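J.: Dumping the structure here so I can ask a few things about it.
The values are calculated or read from the model by the stated rules, or taken from the named source; none is laboratory data. None of the values given here were measured: they were computed from a predicted structure. Here the Cβ positions follow ideal geometry from the backbone for every residue, glycine too, while neighbour counts run over all protein chains shown.
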Amino acid sequence: MEDFDYRPKPWVPKDVPTIWVDHTTGQGVTQDGASVRPVIGDRRKNPNLTDLLDTAASFGANRIMLTGKRPEPEPGIRHWLYVQTPKWKSGTHWINNGPPTGRFEHETTGFKIEVRTAEEWFGTIPLSPAQARSAWDTTAAILKAADERARMFNSPAATGTNLWALSLPKNVNPVPVSSDIAEEIHATSGQHHIEHLVAGPDASAHEDCVPLVDPAKQKKINEFAYVDGRFMYAALGRELGIGPARRLNRAAAYQLLEEDPYARARFYVRFQVPSTWNHVGILGVRHQRVEDGWYYPNRPGARGETWADAAEVQVALAAGWVVDPQEAIVFRKARPLDTFFERIMRARDRVNEHPDMHPMLRRAVMAALRAIILHSVGAFASSGRDQTRVATSALDVPAQYQSRMQRQGKLFVYHVPTERNARTESFYHPELAAQVWGRARARVLDGPSALGLHTAGALAVDPTTLLGIQGDAIYTSTLPTWSLPVANGGGDDGKTGRLRLQGYLGGGSFVTPERIQQRLSLRARAEKAGIEAALEQDEVMVGG
(Lines give C-alpha, C1' and ligand atoms only; values in the text may rest on other atoms or scores of the structure.)
Protein backbone atom coordinates (compact mmCIF):
# COMPACT_ATOMS: atom_id res chain seq x y z
CA MET A 1 0.00 0.00 0.00
CA GLU A 2 2.88 2.40 0.75
CA ASP A 3 4.07 2.44 -2.89
CA PHE A 4 0.87 4.19 -3.98
CA ASP A 5 0.39 7.93 -3.49
CA TYR A 6 -2.79 8.38 -1.45
CA ARG A 7 -2.49 12.14 -1.06
CA PRO A 8 -5.73 13.87 -2.14
CA LYS A 9 -5.33 16.37 -4.96
CA PRO A 10 -6.20 19.99 -4.17
CA TRP A 11 -7.81 22.18 -6.78
CA VAL A 12 -8.69 25.83 -7.34
CA PRO A 13 -12.41 26.72 -7.33
CA LYS A 14 -13.92 29.12 -9.81
CA ASP A 15 -15.21 32.44 -8.55
CA VAL A 16 -18.98 32.30 -8.15
CA PRO A 17 -20.94 35.53 -8.75
CA THR A 18 -22.95 35.98 -5.55
CA ILE A 19 -25.64 38.15 -4.04
CA TRP A 20 -26.01 38.42 -0.27
CA VAL A 21 -29.63 39.08 0.65
CA ASP A 22 -31.90 39.06 3.67
CA HIS A 23 -34.18 36.04 3.63
CA THR A 24 -37.28 38.08 4.47
CA THR A 25 -36.84 41.34 2.55
CA GLY A 26 -34.62 40.17 -0.31
CA GLN A 27 -32.54 43.32 0.03
CA GLY A 28 -28.78 43.07 0.16
CA VAL A 29 -25.54 43.51 -1.75
CA THR A 30 -23.60 41.92 -4.57
CA GLN A 31 -20.13 40.50 -4.03
CA ASP A 32 -18.80 43.86 -5.24
CA GLY A 33 -20.91 45.77 -2.72
CA ALA A 34 -23.57 47.10 -5.10
CA SER A 35 -27.07 47.41 -3.65
CA VAL A 36 -29.56 44.63 -4.38
CA ARG A 37 -33.29 45.25 -4.39
CA PRO A 38 -35.52 42.26 -5.09
CA VAL A 39 -37.71 41.75 -8.11
CA ILE A 40 -41.05 41.12 -6.36
CA GLY A 41 -44.10 39.64 -8.06
CA ASP A 42 -47.57 41.12 -7.99
CA ARG A 43 -49.36 41.77 -4.70
CA ARG A 44 -46.49 40.59 -2.48
CA LYS A 45 -44.82 42.70 0.17
CA ASN A 46 -41.84 40.39 0.61
CA PRO A 47 -40.18 38.21 -2.03
CA ASN A 48 -40.72 34.48 -2.31
CA LEU A 49 -38.11 32.00 -3.49
CA THR A 50 -38.98 32.53 -7.17
CA ASP A 51 -38.50 36.28 -6.72
CA LEU A 52 -35.08 35.71 -5.19
CA LEU A 53 -34.07 33.44 -8.07
CA ASP A 54 -35.25 36.04 -10.59
CA THR A 55 -33.35 38.74 -8.71
CA ALA A 56 -30.14 36.70 -8.70
CA ALA A 57 -30.48 36.02 -12.42
CA SER A 58 -30.90 39.73 -13.12
CA PHE A 59 -27.51 40.31 -11.50
CA GLY A 60 -25.92 37.33 -13.23
CA ALA A 61 -25.37 35.71 -9.83
CA ASN A 62 -25.05 31.93 -9.64
CA ARG A 63 -25.27 31.90 -5.84
CA ILE A 64 -27.65 33.38 -3.30
CA MET A 65 -26.37 33.66 0.26
CA LEU A 66 -29.28 34.18 2.62
CA THR A 67 -28.93 36.08 5.87
CA GLY A 68 -31.53 36.74 8.55
CA LYS A 69 -33.88 34.37 10.28
CA ARG A 70 -35.02 31.42 8.19
CA PRO A 71 -38.17 29.41 8.92
CA GLU A 72 -36.92 26.30 10.66
CA PRO A 73 -38.22 22.98 9.31
CA GLU A 74 -40.52 21.31 11.82
CA PRO A 75 -42.45 18.04 11.72
CA GLY A 76 -45.49 18.47 9.54
CA ILE A 77 -44.31 21.83 8.16
CA ARG A 78 -43.00 22.07 4.63
CA HIS A 79 -39.34 22.98 4.19
CA TRP A 80 -38.80 26.46 2.79
CA LEU A 81 -37.03 24.98 -0.28
CA TYR A 82 -39.99 22.71 -1.07
CA VAL A 83 -42.07 25.25 -2.95
CA GLN A 84 -43.13 25.65 -6.53
CA THR A 85 -40.82 27.94 -8.48
CA PRO A 86 -42.38 28.83 -11.86
CA LYS A 87 -39.78 29.03 -14.65
CA TRP A 88 -37.22 27.42 -12.35
CA LYS A 89 -36.86 23.66 -12.08
CA SER A 90 -35.42 22.07 -8.97
CA GLY A 91 -32.06 20.41 -9.23
CA THR A 92 -30.26 18.32 -6.65
CA HIS A 93 -30.87 19.78 -3.18
CA TRP A 94 -28.98 18.95 0.01
CA ILE A 95 -31.39 19.04 2.93
CA ASN A 96 -30.68 16.23 5.40
CA ASN A 97 -27.83 16.05 7.93
CA GLY A 98 -26.36 19.45 7.40
CA PRO A 99 -26.92 23.04 6.27
CA PRO A 100 -29.55 23.23 3.50
CA THR A 101 -28.55 23.90 -0.09
CA GLY A 102 -30.98 24.37 -2.96
CA ARG A 103 -30.12 24.14 -6.64
CA PHE A 104 -32.26 25.50 -9.44
CA GLU A 105 -32.03 25.86 -13.21
CA HIS A 106 -33.99 28.23 -15.43
CA GLU A 107 -36.24 26.25 -17.75
CA THR A 108 -35.55 28.49 -20.75
CA THR A 109 -32.01 29.82 -20.40
CA GLY A 110 -30.45 26.99 -18.40
CA PHE A 111 -29.01 29.55 -15.97
CA LYS A 112 -28.09 27.78 -12.70
CA ILE A 113 -28.36 29.18 -9.19
CA GLU A 114 -27.42 27.69 -5.84
CA VAL A 115 -29.18 28.87 -2.68
CA ARG A 116 -27.14 28.67 0.53
CA THR A 117 -27.20 30.32 3.96
CA ALA A 118 -24.71 32.56 5.72
CA GLU A 119 -25.59 30.58 8.87
CA GLU A 120 -23.63 27.65 7.44
CA TRP A 121 -20.49 29.75 7.90
CA PHE A 122 -21.23 32.22 10.67
CA GLY A 123 -23.74 30.43 12.87
CA THR A 124 -26.54 32.41 14.46
CA ILE A 125 -24.66 35.72 14.61
CA PRO A 126 -27.23 38.30 13.38
CA LEU A 127 -25.39 39.63 10.33
CA SER A 128 -26.80 41.92 7.69
CA PRO A 129 -26.06 40.99 4.07
CA ALA A 130 -23.26 43.57 3.90
CA GLN A 131 -21.76 42.30 7.16
CA ALA A 132 -21.92 38.69 5.97
CA ARG A 133 -20.19 39.61 2.72
CA SER A 134 -17.51 41.44 4.69
CA ALA A 135 -17.06 38.44 6.99
CA TRP A 136 -16.69 36.17 3.96
CA ASP A 137 -14.06 38.42 2.39
CA THR A 138 -12.19 38.78 5.67
CA THR A 139 -12.19 35.03 6.26
CA ALA A 140 -10.84 34.49 2.74
CA ALA A 141 -8.06 37.01 3.34
CA ILE A 142 -7.17 35.51 6.72
CA LEU A 143 -6.95 32.00 5.23
CA LYS A 144 -4.86 33.23 2.33
CA ALA A 145 -2.45 34.87 4.76
CA ALA A 146 -2.04 31.51 6.50
CA ASP A 147 -1.57 29.69 3.18
CA GLU A 148 -1.45 31.74 -0.01
CA ARG A 149 -3.05 28.86 -1.95
CA ALA A 150 -6.11 28.67 0.32
CA ARG A 151 -9.43 29.60 -1.22
CA MET A 152 -13.04 29.78 -0.06
CA PHE A 153 -15.25 27.06 -1.49
CA ASN A 154 -19.03 26.78 -1.36
CA SER A 155 -18.98 25.14 2.06
CA PRO A 156 -16.76 25.11 5.15
CA ALA A 157 -16.16 21.37 4.65
CA ALA A 158 -14.92 21.78 1.08
CA THR A 159 -12.81 24.77 2.10
CA GLY A 160 -11.19 22.84 4.93
CA THR A 161 -10.61 19.53 3.20
CA ASN A 162 -8.99 21.31 0.24
CA LEU A 163 -6.75 23.21 2.64
CA TRP A 164 -5.91 19.84 4.23
CA ALA A 165 -4.86 18.54 0.81
CA LEU A 166 -2.66 21.61 0.38
CA SER A 167 -1.20 21.15 3.87
CA LEU A 168 -0.17 17.51 3.74
CA PRO A 169 3.59 17.21 4.27
CA LYS A 170 5.46 15.42 1.52
CA ASN A 171 6.57 12.73 3.95
CA VAL A 172 2.98 11.87 4.96
CA ASN A 173 1.09 9.49 2.73
CA PRO A 174 -2.38 9.09 4.30
CA VAL A 175 -2.77 5.41 3.61
CA PRO A 176 -6.46 4.55 4.10
CA VAL A 177 -7.60 1.73 6.29
CA SER A 178 -9.10 -1.30 4.58
CA SER A 179 -12.71 -0.97 3.43
CA ASP A 180 -14.03 -3.37 6.07
CA ILE A 181 -12.34 -1.44 8.88
CA ALA A 182 -13.43 1.90 7.38
CA GLU A 183 -17.06 0.84 7.27
CA GLU A 184 -16.84 -0.61 10.78
CA ILE A 185 -15.44 2.69 12.09
CA HIS A 186 -18.13 4.58 10.20
CA ALA A 187 -20.86 2.45 11.77
CA THR A 188 -19.49 2.41 15.34
CA SER A 189 -18.15 5.94 15.88
CA GLY A 190 -20.26 8.58 17.54
CA GLN A 191 -19.43 12.27 17.38
CA HIS A 192 -20.35 14.43 20.38
CA HIS A 193 -21.13 13.44 23.94
CA ILE A 194 -24.66 14.84 24.21
CA GLU A 195 -26.53 14.35 27.46
CA HIS A 196 -29.07 16.24 29.54
CA LEU A 197 -28.44 15.24 33.15
CA VAL A 198 -31.52 16.76 34.78
CA ALA A 199 -34.36 14.31 35.46
CA GLY A 200 -37.32 14.84 33.18
CA PRO A 201 -38.50 14.23 29.63
CA ASP A 202 -35.18 15.24 28.04
CA ALA A 203 -32.98 13.00 30.18
CA SER A 204 -31.97 9.63 28.77
CA ALA A 205 -34.74 7.09 29.25
CA HIS A 206 -32.35 4.14 29.26
CA GLU A 207 -32.42 2.15 32.48
CA ASP A 208 -28.63 2.34 32.82
CA CYS A 209 -28.63 6.16 32.78
CA VAL A 210 -29.28 7.94 36.08
CA PRO A 211 -29.90 11.73 36.08
CA LEU A 212 -27.57 13.64 38.38
CA VAL A 213 -29.99 16.46 39.24
CA ASP A 214 -33.59 16.03 40.39
CA PRO A 215 -35.67 19.17 39.74
CA ALA A 216 -38.36 17.90 42.12
CA LYS A 217 -35.86 18.14 44.98
CA GLN A 218 -33.91 21.11 43.67
CA LYS A 219 -36.45 23.40 42.05
CA LYS A 220 -34.13 26.40 41.86
CA ILE A 221 -30.45 27.02 41.17
CA ASN A 222 -28.58 30.15 42.20
CA GLU A 223 -25.88 30.00 39.54
CA PHE A 224 -25.50 28.85 35.95
CA ALA A 225 -22.12 28.40 34.26
CA TYR A 226 -21.42 27.65 30.61
CA VAL A 227 -17.98 26.22 29.86
CA ASP A 228 -16.64 25.07 26.52
CA GLY A 229 -13.42 24.26 24.70
CA ARG A 230 -11.31 26.79 22.85
CA PHE A 231 -10.84 25.54 19.28
CA MET A 232 -11.00 22.03 20.71
CA TYR A 233 -10.63 19.93 17.56
CA ALA A 234 -7.57 21.85 16.43
CA ALA A 235 -5.87 21.05 19.74
CA LEU A 236 -6.68 17.34 19.55
CA GLY A 237 -5.64 16.54 15.98
CA ARG A 238 -1.94 16.15 16.60
CA GLU A 239 -0.12 12.94 15.66
CA LEU A 240 -3.16 10.94 14.67
CA GLY A 241 -2.97 7.37 13.43
CA ILE A 242 -3.31 6.43 9.77
CA GLY A 243 -3.53 3.20 7.82
CA PRO A 244 -2.73 0.53 7.22
CA ALA A 245 -4.57 -0.53 10.38
CA ARG A 246 -4.15 -3.89 12.11
CA ARG A 247 -6.75 -5.92 13.93
CA LEU A 248 -5.73 -7.31 17.30
CA ASN A 249 -7.30 -10.25 19.09
CA ARG A 250 -8.25 -10.14 22.73
CA ALA A 251 -4.81 -11.05 24.09
CA ALA A 252 -3.00 -8.57 21.85
CA ALA A 253 -5.56 -5.85 22.63
CA TYR A 254 -5.09 -6.38 26.36
CA GLN A 255 -1.31 -6.22 25.94
CA LEU A 256 -1.54 -2.99 23.92
CA LEU A 257 -3.75 -1.43 26.57
CA GLU A 258 -1.27 -2.39 29.29
CA GLU A 259 1.94 -1.41 27.50
CA ASP A 260 0.98 1.66 25.43
CA PRO A 261 -1.71 3.88 26.99
CA TYR A 262 -1.15 6.47 24.24
CA ALA A 263 -1.57 4.06 21.34
CA ARG A 264 -3.45 5.30 18.29
CA ALA A 265 -6.11 2.66 18.60
CA ARG A 266 -9.79 1.81 19.03
CA PHE A 267 -10.91 -0.90 21.41
CA TYR A 268 -14.04 -3.00 21.52
CA VAL A 269 -14.58 -3.34 25.25
CA ARG A 270 -16.89 -4.82 27.80
CA PHE A 271 -17.15 -2.55 30.80
CA GLN A 272 -18.81 -2.23 34.18
CA VAL A 273 -19.63 0.95 36.07
CA PRO A 274 -18.22 0.84 39.62
CA SER A 275 -20.74 0.02 42.36
CA THR A 276 -19.93 3.33 44.10
CA TRP A 277 -20.19 5.51 40.98
CA ASN A 278 -22.27 8.70 41.29
CA HIS A 279 -21.14 10.73 38.29
CA VAL A 280 -21.64 11.09 34.55
CA GLY A 281 -21.21 8.17 32.15
CA ILE A 282 -17.86 7.82 30.37
CA LEU A 283 -18.29 5.30 27.55
CA GLY A 284 -21.03 5.79 24.99
CA VAL A 285 -23.15 2.87 23.79
CA ARG A 286 -25.26 2.95 20.65
CA HIS A 287 -28.98 2.35 21.04
CA GLN A 288 -30.38 -0.73 19.35
CA ARG A 289 -32.33 1.65 17.13
CA VAL A 290 -29.45 3.44 15.43
CA GLU A 291 -31.54 6.55 14.82
CA ASP A 292 -31.91 6.96 18.60
CA GLY A 293 -28.22 7.77 18.92
CA TRP A 294 -26.04 7.05 21.93
CA TYR A 295 -26.44 6.76 25.68
CA TYR A 296 -23.85 6.89 28.48
CA PRO A 297 -24.39 4.29 31.23
CA ASN A 298 -23.63 5.62 34.71
CA ARG A 299 -25.87 3.46 36.92
CA PRO A 300 -23.70 1.73 39.56
CA GLY A 301 -22.98 -1.81 38.44
CA ALA A 302 -24.28 -1.28 34.89
CA ARG A 303 -22.56 -3.29 32.17
CA GLY A 304 -22.10 -2.49 28.50
CA GLU A 305 -20.17 -3.20 25.33
CA THR A 306 -18.93 -0.62 22.85
CA TRP A 307 -16.13 0.60 20.61
CA ALA A 308 -14.14 3.43 22.19
CA ASP A 309 -11.04 5.43 21.40
CA ALA A 310 -7.95 4.68 23.47
CA ALA A 311 -8.24 8.13 25.09
CA GLU A 312 -11.75 7.32 26.34
CA VAL A 313 -10.68 3.93 27.64
CA GLN A 314 -7.89 5.57 29.64
CA VAL A 315 -10.37 7.98 31.25
CA ALA A 316 -12.58 5.04 32.27
CA LEU A 317 -9.64 3.08 33.69
CA ALA A 318 -8.40 6.10 35.65
CA ALA A 319 -11.90 6.51 37.10
CA GLY A 320 -11.86 2.93 38.38
CA TRP A 321 -14.14 1.37 35.79
CA VAL A 322 -13.71 -2.29 34.90
CA VAL A 323 -12.72 -2.42 31.22
CA ASP A 324 -12.15 -5.73 29.44
CA PRO A 325 -10.85 -5.30 25.85
CA GLN A 326 -12.21 -7.90 23.42
CA GLU A 327 -10.39 -6.73 20.30
CA ALA A 328 -8.70 -3.64 18.92
CA ILE A 329 -7.76 -1.78 15.77
CA VAL A 330 -4.35 -0.09 15.93
CA PHE A 331 -3.17 2.60 13.53
CA ARG A 332 0.25 3.79 12.47
CA LYS A 333 1.33 7.01 14.18
CA ALA A 334 1.78 9.95 11.81
CA ARG A 335 1.00 13.66 11.44
CA PRO A 336 -1.80 13.76 8.85
CA LEU A 337 -3.63 16.79 10.24
CA ASP A 338 -0.95 18.66 12.17
CA THR A 339 -0.04 21.19 9.48
CA PHE A 340 -3.67 21.72 8.48
CA PHE A 341 -4.70 22.52 12.04
CA GLU A 342 -1.62 24.69 12.56
CA ARG A 343 -2.61 26.82 9.57
CA ILE A 344 -6.16 27.23 10.85
CA MET A 345 -4.78 28.22 14.25
CA ARG A 346 -2.43 30.64 12.52
CA ALA A 347 -5.47 32.15 10.82
CA ARG A 348 -7.18 32.41 14.19
CA ASP A 349 -4.13 34.16 15.64
CA ARG A 350 -4.24 36.69 12.82
CA VAL A 351 -7.83 37.54 13.74
CA ASN A 352 -6.74 38.17 17.32
CA GLU A 353 -3.88 40.34 16.07
CA HIS A 354 -6.35 42.84 14.58
CA PRO A 355 -7.46 44.87 17.63
CA ASP A 356 -9.35 47.35 15.44
CA MET A 357 -11.57 44.70 13.86
CA HIS A 358 -15.24 45.27 14.63
CA PRO A 359 -16.35 42.87 17.41
CA MET A 360 -19.20 41.38 15.34
CA LEU A 361 -16.90 40.86 12.36
CA ARG A 362 -14.36 39.20 14.66
CA ARG A 363 -17.04 36.85 16.02
CA ALA A 364 -18.19 36.00 12.51
CA VAL A 365 -14.71 35.19 11.22
CA MET A 366 -13.96 33.12 14.31
CA ALA A 367 -17.22 31.26 13.74
CA ALA A 368 -16.24 30.60 10.12
CA LEU A 369 -12.84 29.21 11.13
CA ARG A 370 -14.54 27.01 13.71
CA ALA A 371 -17.04 25.81 11.09
CA ILE A 372 -14.18 24.92 8.76
CA ILE A 373 -12.58 22.78 11.48
CA LEU A 374 -15.80 21.07 12.56
CA HIS A 375 -17.15 20.38 9.09
CA SER A 376 -13.79 19.24 7.74
CA VAL A 377 -13.41 16.64 10.47
CA GLY A 378 -16.97 15.52 9.85
CA ALA A 379 -16.30 15.28 6.11
CA PHE A 380 -13.56 12.71 6.73
CA ALA A 381 -16.25 10.35 8.05
CA SER A 382 -18.91 11.23 5.49
CA SER A 383 -19.86 8.70 2.87
CA GLY A 384 -21.89 11.42 1.18
CA ARG A 385 -25.13 13.22 1.99
CA ASP A 386 -28.28 11.95 0.35
CA GLN A 387 -29.38 14.08 -2.56
CA THR A 388 -32.85 15.56 -2.14
CA ARG A 389 -34.84 15.76 -5.34
CA VAL A 390 -38.20 17.36 -6.00
CA ALA A 391 -40.75 16.37 -8.62
CA THR A 392 -44.01 18.06 -9.59
CA SER A 393 -45.65 14.71 -10.35
CA ALA A 394 -45.40 11.32 -8.70
CA LEU A 395 -44.95 9.88 -12.19
CA ASP A 396 -41.64 11.74 -12.43
CA VAL A 397 -40.24 9.93 -9.37
CA PRO A 398 -38.17 6.87 -10.37
CA ALA A 399 -39.85 3.59 -9.47
CA GLN A 400 -37.18 2.55 -6.95
CA TYR A 401 -37.86 5.68 -4.85
CA GLN A 402 -41.65 5.89 -5.05
CA SER A 403 -42.24 3.79 -1.93
CA ARG A 404 -40.26 6.30 0.17
CA MET A 405 -41.24 9.58 -1.47
CA GLN A 406 -43.03 12.21 0.62
CA ARG A 407 -45.65 14.67 -0.49
CA GLN A 408 -44.92 18.30 0.33
CA GLY A 409 -47.87 20.40 -0.78
CA LYS A 410 -48.09 19.89 -4.55
CA LEU A 411 -44.54 18.53 -4.75
CA PHE A 412 -43.08 15.07 -4.31
CA VAL A 413 -39.77 14.76 -2.45
CA TYR A 414 -37.43 11.76 -2.53
CA HIS A 415 -33.84 11.04 -1.58
CA VAL A 416 -31.10 9.51 -3.71
CA PRO A 417 -27.92 8.12 -2.07
CA THR A 418 -24.73 9.79 -3.18
CA GLU A 419 -22.04 7.51 -4.57
CA ARG A 420 -18.41 8.26 -3.82
CA ASN A 421 -16.13 8.95 -6.75
CA ALA A 422 -12.35 8.86 -7.00
CA ARG A 423 -12.00 12.39 -5.62
CA THR A 424 -14.36 11.98 -2.68
CA GLU A 425 -12.83 8.58 -1.95
CA SER A 426 -9.42 10.21 -1.46
CA PHE A 427 -10.93 12.39 1.29
CA TYR A 428 -12.76 9.54 3.03
CA HIS A 429 -10.81 8.84 6.22
CA PRO A 430 -13.26 7.91 9.01
CA GLU A 431 -10.30 6.80 11.12
CA LEU A 432 -9.16 10.44 11.40
CA ALA A 433 -12.57 11.76 12.39
CA ALA A 434 -13.11 8.95 14.90
CA GLN A 435 -9.84 9.71 16.67
CA VAL A 436 -10.56 13.45 16.93
CA TRP A 437 -14.08 12.80 18.17
CA GLY A 438 -12.89 10.21 20.69
CA ARG A 439 -10.22 12.51 22.05
CA ALA A 440 -12.78 15.34 22.33
CA ARG A 441 -15.22 13.14 24.28
CA ALA A 442 -12.37 12.18 26.62
CA ARG A 443 -11.21 15.80 27.03
CA VAL A 444 -14.65 17.15 27.94
CA LEU A 445 -14.72 14.63 30.81
CA ASP A 446 -11.12 14.78 31.98
CA GLY A 447 -8.74 17.41 30.70
CA PRO A 448 -5.62 19.36 31.58
CA SER A 449 -5.42 23.00 32.50
CA ALA A 450 -2.72 25.35 33.70
CA LEU A 451 -3.39 23.86 37.15
CA GLY A 452 -2.12 20.47 35.97
CA LEU A 453 -3.34 17.22 34.45
CA HIS A 454 -6.85 15.97 35.27
CA THR A 455 -7.91 19.34 36.68
CA ALA A 456 -10.63 20.27 34.18
CA GLY A 457 -13.70 18.67 32.65
CA ALA A 458 -17.04 17.27 33.72
CA LEU A 459 -15.45 14.79 36.11
CA ALA A 460 -13.78 17.71 37.90
CA VAL A 461 -17.09 19.20 39.05
CA ASP A 462 -19.47 18.14 41.79
CA PRO A 463 -21.86 15.69 40.06
CA THR A 464 -24.85 17.21 41.85
CA THR A 465 -24.17 20.44 39.92
CA LEU A 466 -23.71 18.93 36.45
CA LEU A 467 -26.68 19.88 34.28
CA GLY A 468 -25.57 18.64 30.90
CA ILE A 469 -22.88 18.04 28.28
CA GLN A 470 -23.13 19.14 24.66
CA GLY A 471 -20.04 18.30 22.64
CA ASP A 472 -17.22 20.30 24.23
CA ALA A 473 -19.65 22.35 26.33
CA ILE A 474 -20.41 21.74 30.00
CA TYR A 475 -23.30 23.28 31.94
CA THR A 476 -23.21 23.49 35.73
CA SER A 477 -25.15 25.08 38.58
CA THR A 478 -21.99 26.11 40.41
CA LEU A 479 -19.02 28.02 39.01
CA PRO A 480 -16.11 25.64 38.20
CA THR A 481 -13.16 27.70 39.44
CA TRP A 482 -10.75 25.79 37.19
CA SER A 483 -12.51 27.35 34.17
CA LEU A 484 -11.49 30.87 35.19
CA PRO A 485 -8.47 32.69 33.69
CA VAL A 486 -5.12 32.03 35.32
CA ALA A 487 -5.04 35.62 36.56
CA ASN A 488 -8.14 34.82 38.61
CA GLY A 489 -6.83 31.60 40.08
CA GLY A 490 -8.23 29.32 37.38
CA GLY A 491 -6.67 27.04 34.80
CA ASP A 492 -7.39 28.91 31.58
CA ASP A 493 -4.07 30.14 30.25
CA GLY A 494 -5.46 30.96 26.82
CA LYS A 495 -4.12 27.87 25.10
CA THR A 496 -6.04 26.14 22.35
CA GLY A 497 -8.04 23.22 23.67
CA ARG A 498 -8.59 24.59 27.17
CA LEU A 499 -12.05 24.29 28.70
CA ARG A 500 -12.86 27.82 29.76
CA LEU A 501 -15.76 29.82 31.14
CA GLN A 502 -17.89 31.36 28.37
CA GLY A 503 -20.82 32.70 30.36
CA TYR A 504 -22.01 32.96 33.93
CA LEU A 505 -25.17 33.92 35.79
CA GLY A 506 -24.89 34.37 39.54
CA GLY A 507 -26.65 35.82 42.50
CA GLY A 508 -30.10 34.97 41.23
CA SER A 509 -32.77 32.33 41.37
CA PHE A 510 -33.31 30.27 38.23
CA VAL A 511 -35.67 27.40 37.57
CA THR A 512 -33.68 24.16 37.38
CA PRO A 513 -33.68 23.42 33.62
CA GLU A 514 -35.76 20.27 33.32
CA ARG A 515 -35.91 20.72 29.54
CA ILE A 516 -33.05 21.24 27.12
CA GLN A 517 -34.73 24.37 25.80
CA GLN A 518 -34.66 25.86 29.30
CA ARG A 519 -30.96 25.08 29.50
CA LEU A 520 -30.37 26.69 26.11
CA SER A 521 -32.17 29.81 27.28
CA LEU A 522 -29.93 30.00 30.33
CA ARG A 523 -26.91 29.49 28.10
CA ALA A 524 -27.97 32.38 25.87
CA ARG A 525 -28.43 34.63 28.90
CA ALA A 526 -25.10 33.54 30.37
CA GLU A 527 -23.27 34.07 27.10
CA LYS A 528 -24.74 37.55 26.80
CA ALA A 529 -23.80 38.35 30.40
CA GLY A 530 -20.20 37.17 29.89
CA ILE A 531 -17.92 36.17 32.74
CA GLU A 532 -17.52 39.48 34.56
CA ALA A 533 -19.78 38.44 37.45
CA ALA A 534 -17.69 35.30 37.93
CA LEU A 535 -14.48 37.32 38.01
CA GLU A 536 -15.98 39.72 40.55
CA GLN A 537 -17.11 36.80 42.67
CA ASP A 538 -13.63 35.35 42.53
CA GLU A 539 -12.11 38.66 43.64
CA VAL A 540 -14.50 38.82 46.59
CA MET A 541 -13.63 35.25 47.60
CA VAL A 542 -9.90 35.92 47.31
CA GLY A 543 -10.24 39.22 49.15
CA GLY A 544 -12.18 37.57 51.95
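J.: Of these, VAL198, VAL269, VAL177, which one is within 30 Å of GLN517 (Cβ to Cβ), surrounded by 20 or more Cβ atoms within 10 Å (Cβ to Cβ) and not basic (Lys, Arg)?
T.: Testing whether each residue is within 30 Å of GLN517 (Cβ to Cβ), surrounded by 20 or more Cβ atoms within 10 Å (Cβ to Cβ) and not basic (Lys, Arg) leaves just VAL198.
J.: Here's another thing I want to ask about it. Identify, from the list ALA225, ALA263, ALA245, the residue that is under 19 Å from ALA187 (Cβ atoms), touching a residue at least 60 places away in the same chain (Cβ under 8 Å), small (Gly, Ala, Ser) and not in a helix (DSSP H, G or I).
T.: ALA245
J.: Which residue is surrounded by the fewest Cβ atoms within 10 Å (Cβ to Cβ), if the candidates are limited to region 308-328 and must be under 27 Å from the mean Cα position of the chain (by Cα) and β-branched (Val, Ile, Thr)?
T.: VAL315
J.: Would you say SER383 is under 29 Å from THR306 (Cα atoms), assigned to a helix (DSSP H, G or I), in contact (Cβ under 8 Å) with a residue 12 or more places away in the chain and in contact with a Pro (Cβ under 9 Å, 6 or more places away or on another chain)?
T.: Here the answer is no, as SER383 does not meet what is asked.
J.: Ok, one more. Can ALA253 be described as at pLDDT 95 or above, under 30 Å from THR455 (Cα atoms) and part of a strand (DSSP E or B)?
T.: no
J.: Now for a separate question. Could you name every one of the strands (runs of 3 or more DSSP E) located completely within region 11-124 that has at least 1 residues being under 21 Å from ALA157 (Cβ atoms) and either of a type outside the set (Asp, Glu) or under 25 Å from the mean Cα position of the chain (by Cα) (or both)?
T.: By residue number, 18-22, 63-67, 102-106, 112-117.
J.: Here's something else I'd like to know. Please go through (1) at pLDDT below 95; (2) under 12 Å from VAL227 (Cα atoms) for LEU479 and return the number of the only condition it doesn't satisfy.
T.: Exception for LEU479: condition (1).
J.: Give me the residue from region 284-307 that is in a loop (DSSP other than H, G, I, E, B) and polar (S, T, N, Q) and, out of that set, surrounded by the most Cβ atoms within 10 Å (Cβ to Cβ).
T.: Top of the filtered list is ASN298.
J.: Looking at region 353-401, which of its residues are in contact with a Ser or Thr (Cβ under 9 Å, 6 or more places away or on another chain) and β-branched (Val, Ile, Thr)?
T.: Once the filter is applied, which keeps residues that are in contact with a Ser or Thr (Cβ under 9 Å, 6 or more places away or on another chain) and β-branched (Val, Ile, Thr), region 353-401 yields VAL365, ILE372, THR388, VAL390, THR392.
J.: Quick check on this structure: which one of ALA187, ALA140, ALA205 is under 30 Å from GLU431 (Cα atoms) and free of Cβ contacts under 8 Å to residues at least 12 places away in the same chain?
T.: ALA187
J.: Give TYR268, TYR233, TYR262 a once-over and let me know the one that is in contact with a strand residue (DSSP E or B) (Cβ under 8 Å, 6 or more places away or on another chain) and among the hydroxyl-bearing types (Ser, Thr, Tyr).
T.: Selected residue: TYR268, the only one of TYR268, TYR233, TYR262 that is in contact with a strand residue (DSSP E or B) (Cβ under 8 Å, 6 or more places away or on another chain) and among the hydroxyl-bearing types (Ser, Thr, Tyr).
J.: Of the residues that sit in region 342-397 and are buried (at least 16 other Cβ atoms within 10 Å of the Cβ) and polar (S, T, N, Q), which one is modelled with the lowest pLDDT?
T.: GLN387
Residues checked against (1) touching a helix residue (DSSP H, G or I) at 6+ places or on another chain (Cβ under 8 Å); (2) buried (at least 20 other Cβ atoms within 10 Å of the Cβ); (3) modelled with pLDDT of 95 or more; (4) not aromatic (Phe, Trp, Tyr):
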| residue | (1), (2), (3), (4) |
| --- | --- |
| TRP121 | yes, yes, yes, no |
| SER128 | no, no, yes, yes |
| ALA132 | yes, yes, yes, yes |
| ALA140 | no, no, yes, yes |
| TRP164 | yes, yes, yes, no |
| VAL172 | no, no, no, yes |
| HIS186 | yes, no, no, yes |
| GLY190 | yes, no, no, yes |
